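Asker: Quick one: structure below, then a few questions.
The values are calculated or read from the model by the stated rules, or taken from the named source; none is laboratory data. What you are looking at is a predicted structure, and each value in this text was computed from that prediction instead of being measured. Positions of Cβ are backbone-derived with ideal geometry, glycine not excepted, and every protein chain shown enters the neighbour counts. Accessible surface areas use protein heavy atoms only, side chains included; no ligands, DNA or RNA. Shrake-Rupley method; radii C 1.70, N 1.55, O 1.52, S 1.80 Å.
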Amino acid sequence: MRSLILGLAVGACWLQQQADLPNANRLWPLLFLLLSVGLLACRPSSARARIPLLLAAGTLAGFAWAAILAENYLARELPSDLEGRDLIVAGTVASLPYRFDGGTRFDFLIEPDAPVQLAEADRVVMRRLPPRIALSWYADRQDAESITPPVEPGERWQLAVRLRRPRGSANPWGFDYEVWLLEQGLRATGTVRPDDSATQVNRRLERFVPSFSGVVERSRSWLRDRIVAALDGKPYAGVIVALVVGDQRGISQSDWKVFNRTGIGHLISISGLHITMVAGLCAALIFFLWRHSFFTGAALPLRLPAHKAAAVGAVVTAFVYVLLAGFGVPAQRTLYMVFAVAAALWCGRITAVSHVLCLALGVVILLDPWAVLWPGFWLSFGAVGVILFASVGRSAAHGAELTSRWQRARRTLIGAARTQYVVTVGLVPLTLLLFGQTSLVSPFANAIAIPLISLLVTPLSLVGVLLPMPLAGWLLGVAHALVALLADALIWLSALPAAVWSAPVPPWWIGGLALVGTGWMLAPRGWPARWLGAVAWLPLVLVEPAHPEAGIWLSIFDVGQGTAVLVETANHRLLYDTGPFYAPGADAGERLLVPYLKARGITSLEKVVVSHHDNDHSGGALSIMKALPVGEVLSSLNPEDAIPRAAAAHRRCQAGQRWTWDAVQFEMVHPPATSYGSDKWKPNALSCTLKVTFNGQAILLPGDIEAVQEDELVNGMGAQLQSLVLLAPHHGSSTSSTGDFLDAVKPALAVFQVGYQNRFGHPKPEIVARYDERGIAGLRSDASGAVLLRLDDKGLNVEEFRKTHARYWYGR
């Protein structure tokens, strides 16, 4: 069974790496399933010879099953002719809403046959829509006091919406929003349109529509609201909410940074550890009460053994708690393991722990084959697997039975310390492969946090949220106070210089070699030369950040509607613009650029250029400067603005500034110094325009300059403007990219950094036509993802991330 299930996981992983599904008529998946059945029917002469057959059968079955599910999910797509149109829909709120400054986000279940007065044309349209969509409802930006109506799970609403197909940023080492939407069954995203003064389209139809999921989500909402009300204004209320209902969105990014740097992020949710603890406590209570027949004299153990009753209680408790958790992978894994152990107890067949783990793995893959794409899957199963590898079958070697309380306590502490050591060492290669960093203070932080969170904070929170006031407030207050004390200790640990070991994300073969070495080091006593396992770590430790040997590397990121470009030479790095600000606590710097830089092993930037004040160019600057050292900031901003004041060194950019890095010339060609003395220019007109030249070939980064500034450059520089690559001015707006400017620059390639279905309509069709008329090749970040350019002595090499990293869900 174990070999078959491991093959199932391999097959699911294989499918998720494909650029296209096998085919639309499912012949290949069905053929794979038949081959899998044929392999299972083979009867080799020995059990050992059967293992490769089981692995192959599982791989084929996993690939086929994942392909069938993927095709089924992708078929629920939004028709292209409905994209970007204003539509009227009716349905129910199908998730726990997330409330943020300025709006609300929630999932919406479309109901074409909802009992509401709608035109038949609207019902016809609704039948063409995906059954489940993700909506954002923003307050009126023109009215500072405007708020969105309160939305609760299970409510039925009529809404005016504008939808688009699933689309997210596509960058190396970035979060893949498109596959996450696919996994959640969300085949369209959109916004709720504001009502006009004459009609009220957006209206609540029913307070609650009974359904199983509606009851679950409304219960989660009720519990969350109780916690927030009891801990109003408390800094760690979001942590208590996460521990009770699994909603982590109320935890600030600064707190997450501390939790991740100290390696205890896995505890700040309904984790497998918490579910096991709660299920175990419930099982122990039921076992005690059942043995005593609830003190009624009913002789219940004669009708059903107490251990079977306790097993049922553990499964029910785990199931309810996992529902509250939102059914995440770690929670699923624990639920299936609890169920497997309970089933074995009922059947009188206590099986090996590895069988239980593999059974949980198989159920996760069958229900959610996309789980293999997320770090939580590998860390969750990896941690349990490492513990089993390093512990199962070794406890008997420790000697005689212990009788004294001191000896038992000592053995328990030694066992806990060894487990922490095993998990820390065992997961280092995996965390470096996934994140490019690992916490060195994690063993100390977890030694404090695990017992505090699992044995005190979580039980107090669970009991407190169910009690009436004021008891609920007291218990939740105590739980919050304990979290605050823990946070103080974690903040101190995270501030230590050596708290985190960062390294470039290694190639897969280096990570694989380190994993083999880890297994060698953690092998049982007596295993020959266990120290050789450390040798396998050397490539992992010594891996160097990639950089150009000569010339320029240019990474033009997919940040939505905004600009962010990383310019690299052999020994230096410059970031031109920092992308947009998305929402409070979320910007391109934090969400996209910092993860990329850390994954590359880039620990500092010599210069950051913020071309001008507009949010889509400067929105991520502060996050960048908080995350890593920046030598100097060049910008057209007022020196009193937040970004210049936060910079270690700041200069206003102006024409004539020049420097050379590794035979690469950098020249600022705009704005002239006199522009800062005039009040007539908008921020776009002051955009820092940078020309980067290597071996006579140039790349021009013009920010959001418009026609007047382009004319000034043409008249002032003439043929010196000529460049091989042009970042399209102002994202392809109709106010830029004049014919004279394009004739002077004469680019072979232009890149438009634009957001998918952006509200400005960039790039404008007439501007794209202007480039096409001149034979200028054009790329768009919303279609290509990140564009990676390599300019050296051999010429220009262009990579589009959505092509080099093609996946079957892109653009679907």
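Asker: Mind listing whichever residues of the range 553-570 are in a loop (DSSP other than H, G, I, E, B) and surrounded by 24 or more Cβ atoms within 10 Å (Cβ to Cβ)?
Answerer: Step one: filter the range 553-570 for residues in a loop (DSSP other than H, G, I, E, B), giving 557-563, 569-570.
Within the range 553-570, Phe557, Asp558, Val559, Gly562, Thr563 qualify.
Asker: Moving on to the next point. What residue, among those in the range 26-58 that are of a type outside the set (A, V, I, L, M, F, W, C), open to solvent by 50 Å² or more (accessible area, probe 1.4 Å) and more than 32 Å from the chain's Cα centre (by Cα), is modelled with the lowest pLDDT?
Answerer: Here is the first cut: in the range 26-58, the ones of a type outside the set (A, V, I, L, M, F, W, C) are 26, 29, 36, 38, 43-46, 48, 50, 52, 58.
Now restrict to residues that are open to solvent by 50 Å² or more (accessible area, probe 1.4 Å): 26, 43, 45-46, 48, 50, 52.
Those still in the list that are more than 32 Å from the chain's Cα centre (by Cα) too: 43, 45-46, 48, 50, 52.
Details: Arg43: 73, Ser45: 69, Ser46: 72, Arg48: 73, Arg50: 76, Pro52: 80.
For the range 26-58, the residue satisfying everything is Ser45.
Asker: Determine if the range 84-93 includes at least one residue that is open to solvent by less than 30 Å² (accessible area, probe 1.4 Å), over 30 Å from Pro29 (Cα atoms), of a type in the set (Gly, Ala, Ser) and touching a residue at least 60 places away in the same chain (Cβ under 8 Å). Working first, answer last.
Answerer: At the first step, the residues of the range 84-93 found to be open to solvent by less than 30 Å² (accessible area, probe 1.4 Å) are 87, 89-93.
Now drop any that are not over 30 Å from Pro29 (Cα atoms), which leaves 87, 89-93.
Add one more test, that the residue is of a type in the set (Gly, Ala, Ser), and what stays is 90-91.
After this cut, where a residue has to be touching a residue at least 60 places away in the same chain (Cβ under 8 Å) as well, the list is 90-91.
Within the range 84-93 (the criterion being open to solvent by less than 30 Å² (accessible area, probe 1.4 Å), over 30 Å from Pro29 (Cα atoms), of a type in the set (Gly, Ala, Ser) and touching a residue at least 60 places away in the same chain (Cβ under 8 Å)), the answer is yes, since at least one residue qualifies.
Asker: Of these, Leu78, Leu96, which one is assigned to a loop (DSSP other than H, G, I, E, B), out of contact with any strand residue (DSSP E or B) (no Cβ under 7 Å at 6 or more places or on another chain) and surrounded by 16 or more Cβ atoms within 10 Å (Cβ to Cβ)? So that I can check it myself, show each step before the final result.
Answerer: Values: Leu78 fails: out of contact with any strand residue (DSSP E or B) (no Cβ under 7 Å at 6 or more places or on another chain).
So the residue among Leu78, Leu96 that is assigned to a loop (DSSP other than H, G, I, E, B), out of contact with any strand residue (DSSP E or B) (no Cβ under 7 Å at 6 or more places or on another chain) and surrounded by 16 or more Cβ atoms within 10 Å (Cβ to Cβ) is Leu96.
Asker: Restricting to the range 234-291, and then to whatever is of a type in the set (Ser, Thr, Tyr), under 25 Å from Arg218 (Cα atoms) and in a loop (DSSP other than H, G, I, E, B), can you tell me which residue is modelled with the lowest pLDDT? Spell out how you get there, then give the answer.
Answerer: Filtering the range 234-291 down to residues of a type in the set (Ser, Thr, Tyr) leaves 236, 252, 254, 262, 269, 271, 276.
Those left that are additionally under 25 Å from Arg218 (Cα atoms): 236, 252, 269, 271, 276.
With the extra rule that they be in a loop (DSSP other than H, G, I, E, B), the set shrinks to 236, 252, 269, 271.
Working: Tyr236: 93, Ser252: 87, Ser269: 72, Ser271: 67.
Restricting to residues being of a type in the set (Ser, Thr, Tyr), under 25 Å from Arg218 (Cα atoms) and in a loop (DSSP other than H, G, I, E, B), the top hit is Ser271.
Asker: Out of Leu300, Leu285, Leu323, I need the residue that is at negative phi and within 25 Å of the chain's Cα centre (by Cα). Which one?
Answerer: Values: Leu300 fails: within 25 Å of the chain's Cα centre (by Cα); Leu285 fails: within 25 Å of the chain's Cα centre (by Cα).
Result: Leu323 is the single residue among Leu300, Leu285, Leu323 that is at negative phi and within 25 Å of the chain's Cα centre (by Cα).
Asker: Which of the following residues is among the basic types (Lys, Arg), within 30 Å of Ala188 (Cβ to Cβ) and surrounded by fewer than 17 Cβ atoms within 10 Å (Cβ to Cβ): Arg759, Arg780, Arg774, Arg807?
Answerer: Working: Arg780 fails: surrounded by fewer than 17 Cβ atoms within 10 Å (Cβ to Cβ); Arg774 fails: within 30 Å of Ala188 (Cβ to Cβ); Arg807 fails: surrounded by fewer than 17 Cβ atoms within 10 Å (Cβ to Cβ).
When all the criteria are applied, what remains is Arg759.
Asker: Same structure, new question: Where the second residue is modelled with pLDDT under 90 and β-branched (Val, Ile, Thr) and the first is within 9 Å of Leu433 (Cβ to Cβ) and surrounded by 15 or more Cβ atoms within 10 Å (Cβ to Cβ) and lies in the range 495-512, which pairs have Cβ atoms under 8 Å and are six or more apart or on separate chains?
Answerer: Sorted first by the residue in the range 495-512, then by its partner, the pairs are Pro506/Val543; Ile510/Val543.
Asker: Separate question: Kindly provide the set of residues from the range 191-215 that are of a type in the set (Val, Ile, Thr) and surrounded by 12 or more Cβ atoms within 10 Å (Cβ to Cβ), ordered by number. Walk me through it before giving the result.
Answerer: Here is the first cut: in the range 191-215, the residues of a type in the set (Val, Ile, Thr) are 191-192, 199, 201, 209, 215.
Within the range 191-215, Thr191, Val192, Val201, Val209, Val215 qualify.
Asker: Has the range 5-14 got at least one residue that is in contact (Cβ under 8 Å) with a residue 60 or more places away in the chain, more than 26 Å from Leu181 (Cβ to Cβ) and not hydroxyl-bearing (Ser, Thr, Tyr)? First the steps, then the outcome.
Answerer: Looking only at the range 5-14, we keep the residues that are in contact (Cβ under 8 Å) with a residue 60 or more places away in the chain, and these are 5-6, 8-9, 12-13.
Of the ones still in play, those that are also more than 26 Å from Leu181 (Cβ to Cβ) are 5-6.
With not hydroxyl-bearing (Ser, Thr, Tyr) added as a condition, the list becomes 5-6.
Looking for residues that are in contact (Cβ under 8 Å) with a residue 60 or more places away in the chain, more than 26 Å from Leu181 (Cβ to Cβ) and not hydroxyl-bearing (Ser, Thr, Tyr), one finds at least one in the range 5-14, hence yes.
Asker: Can you report the number of residues in the range 669-691 which are free of Cβ contacts under 8 Å to residues at least 60 places away in the same chain, touching a Leu at 6+ places or on another chain (Cβ under 7 Å) and outside any strand (DSSP E or B)? So that I can check it myself, show each step before the final result.
Answerer: Step one: list which residues in the range 669-691 are free of Cβ contacts under 8 Å to residues at least 60 places away in the same chain, which gives 669-682, 685, 691.
This time we only want the ones that are touching a Leu at 6+ places or on another chain (Cβ under 7 Å), so: 669-671, 675, 691.
After this cut, where a residue has to be outside any strand (DSSP E or B) as well, the list is 671, 675.
Result for the range 669-691: 2.
Asker: Then there's this: Quick check: is even one residue across the range 714-736 crowded, with 19+ Cβ neighbours inside 10 Å, over 36 Å from the mean Cα position of the chain (by Cα) and in contact (Cβ under 8 Å) with a residue 24 or more places away in the chain?
Answerer: yes
Asker: I'd like to know if the range 382-395 contains one or more residues that are more than 27 Å from Ile510 (Cβ to Cβ), among the small types (Gly, Ala, Ser), at pLDDT 75 or above and out of contact with any strand residue (DSSP E or B) (no Cβ under 7 Å at 6 or more places or on another chain).
Answerer: Taking every residue of the range 382-395 in turn, none turns out to be more than 27 Å from Ile510 (Cβ to Cβ), among the small types (Gly, Ala, Ser), at pLDDT 75 or above and out of contact with any strand residue (DSSP E or B) (no Cβ under 7 Å at 6 or more places or on another chain).
Asker: Name the helices (runs of 4 or more DSSP H) wholly inside the range 607-668 in which the number of residues that are buried (at least 20 other Cβ atoms within 10 Å of the Cβ) and hydroxyl-bearing (Ser, Thr, Tyr) is 1 or more. Show your work before the answer.
Answerer: Details: elements: 615-618, 621-627, 642-646.
So the answer is 615-618, 621-627.
Asker: Out of (1) assigned to a strand (DSSP E or B); (2) under 22 Å from Val754 (Cβ atoms), the odd one out for Ala698 is which?
Answerer: (2)
Asker: Is there a residue being under 24 Å from the mean Cα position of the chain (by Cα), surrounded by 17 or more Cβ atoms within 10 Å (Cβ to Cβ) and among the β-branched types (Val, Ile, Thr) anywhere in the range 475-487?
Answerer: no
Asker: What number goes with the only condition from (1) open to solvent by less than 70 Å² (accessible area, probe 1.4 Å); (2) over 30 Å from Phe212 (Cα atoms); (3) in a loop (DSSP other than H, G, I, E, B) that Asp20 does not pass?
Answerer: Condition not satisfied by Asp20: (1).
Asker: From the list Leu163, Leu243, Leu223, Leu231, exactly one residue is within 24 Å of Leu82 (Cβ to Cβ) and of a type in the set (A, V, I, L, M). Which is it?
Answerer: Details: Leu243 fails: within 24 Å of Leu82 (Cβ to Cβ); Leu223 fails: within 24 Å of Leu82 (Cβ to Cβ); Leu231 fails: within 24 Å of Leu82 (Cβ to Cβ).
Result: Leu163 is the single residue among Leu163, Leu243, Leu223, Leu231 that is within 24 Å of Leu82 (Cβ to Cβ) and of a type in the set (A, V, I, L, M).
Asker: Can you tell me how many residues within the range 237-269 are out of contact with any Leu (no Cβ under 9 Å at 6 or more places or on another chain) and among the hydroxyl-bearing types (Ser, Thr, Tyr)?
Answerer: Result for the range 237-269: 2.
Asker: Let me ask another. Quick one: Asn638 ticks every box in (1) within 30 Å of Phe760 (Cα to Cα); (2) in contact with a strand residue (DSSP E or B) (Cβ under 8 Å, 6 or more places away or on another chain) except a single one, so which number is it?
Answerer: (2)
Asker: Related question: Return the pairs, sorted by first residue and then second, in which the second residue is open to solvent by 80 Å² or more (accessible area, probe 1.4 Å), the first residue lies in the range 454-470 and is among the basic types (Lys, Arg), the beta carbons are less than 8 Å apart, and the residues are 6+ apart or on different chains.
Answerer: none
Asker: Residues of the range 112-128 being of a type in the set (A, V, I, L, M), in a helix (DSSP H, G or I) and surrounded by fewer than 16 Cβ atoms within 10 Å (Cβ to Cβ), which ones? Walk me through it before giving the result.
Answerer: First, pick out the residues of the range 112-128 that are of a type in the set (A, V, I, L, M): 114, 116, 118-119, 121, 124-126.
Within this subset, residues satisfying the condition of being in a helix (DSSP H, G or I) are 121, 124-126.
Residues satisfying the conditions are Ala121, Val124.
Asker: Being aliphatic (A, V, I, L, M) and either modelled with pLDDT under 95 or open to solvent by 20 Å² or more (accessible area, probe 1.4 Å) (or both) is the filter here, so list the residues in the range 571-587 that pass it.
Answerer: Step one: filter the range 571-587 for residues aliphatic (A, V, I, L, M), giving 574-575, 583, 586.
Residues satisfying the conditions are Ala583, Ala586.
Asker: Would you please name the residue that is nearest to Thr431 (Cα to Cα), looking only at residues in the range 509-534 that are aromatic (Phe, Trp, Tyr) and at pLDDT 85 or above? Spell out how you get there, then give the answer.
Answerer: Just the residues of the range 509-534 that are aromatic (Phe, Trp, Tyr), to begin with: 509, 520, 527, 531.
Keeping just the survivors that are at pLDDT 85 or above gives 509, 520.
On the way: Trp509: 15, Trp520: 18 Å.
Top of the filtered list is Trp509.
Asker: Same structure again: May I ask you to list the residues in the range 420-468 that are assigned to a loop (DSSP other than H, G, I, E, B) and over 27 Å from the mean Cα position of the chain (by Cα)?
Answerer: Residues of the range 420-468 assigned to a loop (DSSP other than H, G, I, E, B): 436, 440-441, 467-468.
Of everything in the range 420-468, those that are assigned to a loop (DSSP other than H, G, I, E, B) and over 27 Å from the mean Cα position of the chain (by Cα) turn out to be Leu467, Pro468.
Asker: Got a sec? Which strands (runs of 3 or more DSSP E) wholly within the range 151-213 have at least 2 residues that are under 31 Å from the mean Cα position of the chain (by Cα) and either small (Gly, Ala, Ser) or under 26 Å from Glu77 (Cβ atoms) (or both)? Show your work before the answer.
Answerer: Details: elements: 156-164, 189-192, 203-206.
So the answer is 156-164, 189-192.
Residues checked against (1) over 25 Å from Val209 (Cβ atoms); (2) in contact with a Leu (Cβ under 7 Å, 6 or more places away or on another chain):
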| residue | (1), (2) |
| --- | --- |
| Pro52 | yes, no |
| Leu78 | no, yes |
| Leu87 | no, yes |
| Ser95 | no, no |
| Tyr98 | no, no |
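Asker: May I pose another question? So, of the residues in the range 220-243 that are within 26 Å of the chain's Cα centre (by Cα) and within 19 Å of Glu155 (Cα to Cα), which turns out to be surrounded by the fewest Cβ atoms within 10 Å (Cβ to Cβ)?
Answerer: That would be Asp225.
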